[in-house]
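Inspection log for the structure reproduced underneath, given as structure tokens.
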Amino acid sequence: QVLPLALFDYLRKSKSKGFVLSLSGGADSSTIAIMVARMVQIGVAELGIDTFLNRINLVGDFNNEAEIVGKILITAYQGTKNSSKATAASARNLAKSIGATHHEWIIDDQVKGYTSLIEKVIDRKLVWEKDDITLQNIQARSRSPIIWMLANIHNHLLLTTSNRSEGDVGYATMDS
């Protein structure tokens, strides 16, 4: 219960209107989405719906926890031509099951823009056989600006995750 409590406390103290999360369909971002839903469940159970809404400065008529989650949690699946339909479906189904507001878009144009720019600088094409890590990383990094924009537009806090194995080797994916 510590993570939902921490999310509640951070939301309340920051006076933000909610959270934005890049939802990949994987374990890490899915866990964070579920923790926001648990924050609402625990908050409503412990404080009652009216007090909970008051504490997070949320105004409106809400009939259930899913409606509250839909107001305070925005998720986005940011796919590429290399993304699977299964991960998109996983993200979409999780968001629907907890009531989150969910968006989906493709970031191939952003990846292509960054890739084209660096190819001009280094005077060669990037290829998967030689530049696998570079091409994987630019896909992750290209997600960052648009999810930040979404958070800023809504005055929401951006929740980020990284691949669990990355932390084991001292590396973290920022905002993906």
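Figures for the structure shown
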{"quantity": "Pairs with Cβ under 7 Å, 6+ apart, first in the stretch 1-18 and of a type in the set (S, T, N, Q), second surrounded by 13 or more Cβ atoms within 10 Å (Cβ to Cβ) and modelled with pLDDT of 95 or more", "calculated": "Gln1/Ile42; Ser14/Leu157; Ser16/His156; Ser16/Leu157"}
{"quantity": "Qualifying positions in the stretch 50-67 - open to solvent by less than 50 Å² (accessible area, probe 1.4 Å), farther than 15 Å from Ser16 by Cβ and in a helix (DSSP H, G or I)", "calculated": "Phe52, Ala66"}
{"quantity": "Number of the condition not met by Ile74 [criteria: (1) assigned to a helix (DSSP H, G or I); (2) buried (at least 21 other Cβ atoms within 10 Å of the Cβ); (3) within 12 Å of the chain's Cα centre (by Cα)]", "calculated": "(1)"}
{"quantity": "When residues of the stretch 142-176 are limited to those that are assigned to a loop (DSSP other than H, G, I, E, B) and modelled with pLDDT of 85 or more, the one least open to solvent (accessible area, probe 1.4 Å)", "calculated": "His156"}
{"quantity": "Residue among Ala95, Ala33, Ala76 that alone is aliphatic (A, V, I, L, M) and touching a Lys or Arg at 6+ places or on another chain (Cβ under 9 Å)", "calculated": "Ala76"}
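A quick yes/no check of all residues on (1) in contact with a His (Cβ under 9 Å, 6 or more places away or on another chain); (2) within 16 Å of Lys81 (Cα to Cα); (3) without any contact (Cβ under 8 Å) to a residue 60 or more places away in the chain; (4) open to solvent by 100 Å² or more (accessible area, probe 1.4 Å):
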| residue | (1), (2), (3), (4) |
| --- | --- |
| Ile107 | no, yes, yes, no |
| Lys112 | no, yes, yes, yes |
| Arg124 | no, no, yes, no |
| Ala140 | no, yes, yes, no |
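The values are calculated or read from the model by the stated rules, or taken from the named source; none is laboratory data. Source: prediction; values computed, not measured. Methodologically, a virtual Cβ is constructed for each residue, glycine included, from the backbone with ideal geometry; neighbour enumeration extends over all protein chains shown. Each accessible area value is taken on the protein alone, full model and side chains, heavy atoms only, with ligands, DNA and RNA left out. Shrake-Rupley method; radii C 1.70, N 1.55, O 1.52, S 1.80 Å.
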